[in-house]
Amino acid sequence: VQLQAFGGGLVQSGGFLRLSCVASGLTISNYNMAWFRQAPGKEREFVQALGWSGGRAYTADSVKGRFTISRDKTKNTVYLQMDSLKAEDTAVYYCAAGRGILSSMRSMSAYAYWGQGTQVTVSS
């Protein structure tokens, strides 16, 4: 199983980026898919997740109304559209896949597979 995340970069505050996570070795429609992030000196934190059915998204309060998770089953790819970016969104972003119960979607322990991370830097 491999999750390849890309699309990060340097953007000004108020700008946007779209991250992609291409999965191989698993079918994303059979897994809960999530994005986490880790800022320098901080613990990794939950950003957004999409249940395996694709019907419900779970979102951290800090990104609500600005970030959107989606998927393209034909490409076996999950996306994170990030709008209205702020300096505090600066972090390495990781995609993850798991089969945990829905109540655990915000927990790192619910995900068995992780991508390598992509750096997002927002300048103020």
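The values are calculated or read from the model by the stated rules, or taken from the named source; none is laboratory data. Computed from a predicted model, the values in this text were never measured in an experiment. When we count neighbours, we look across all protein chains shown, and the Cβ atoms used for this are built from the backbone with ideal geometry, even at glycine. Surface accessibility is based on the protein's heavy atoms, side chains included, excluding ligands, DNA and RNA. Shrake-Rupley method; radii C 1.70, N 1.55, O 1.52, S 1.80 Å.
Values computed for the structure shown
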item	result
About the Cα centre, charge dipole magnitude for the chain (Lys/Arg +1, Asp/Glu -1 at Cβ), debye	260
Length gained when the stretch Phe6-Ser124 is fully extended (0.36 nm per residue, less Cα-Cα span)	40.2 nm
Distance between modelled label sites at Thr27 and Ser104, nm, 7 Å Cα→Cβ extension	2.3
Stokes-Einstein D in µm²/s, Kirkwood radius over Cα pairs - the chain at 20 °C with 1.002 mPa s viscosity	152
Accessible carbon and sulfur surface of the chain relative to its total accessible area, %, 1.4 Å	48
Probe 1.4 Å, protein heavy atoms only - accessible area per residue of the chain in square angstrom	51
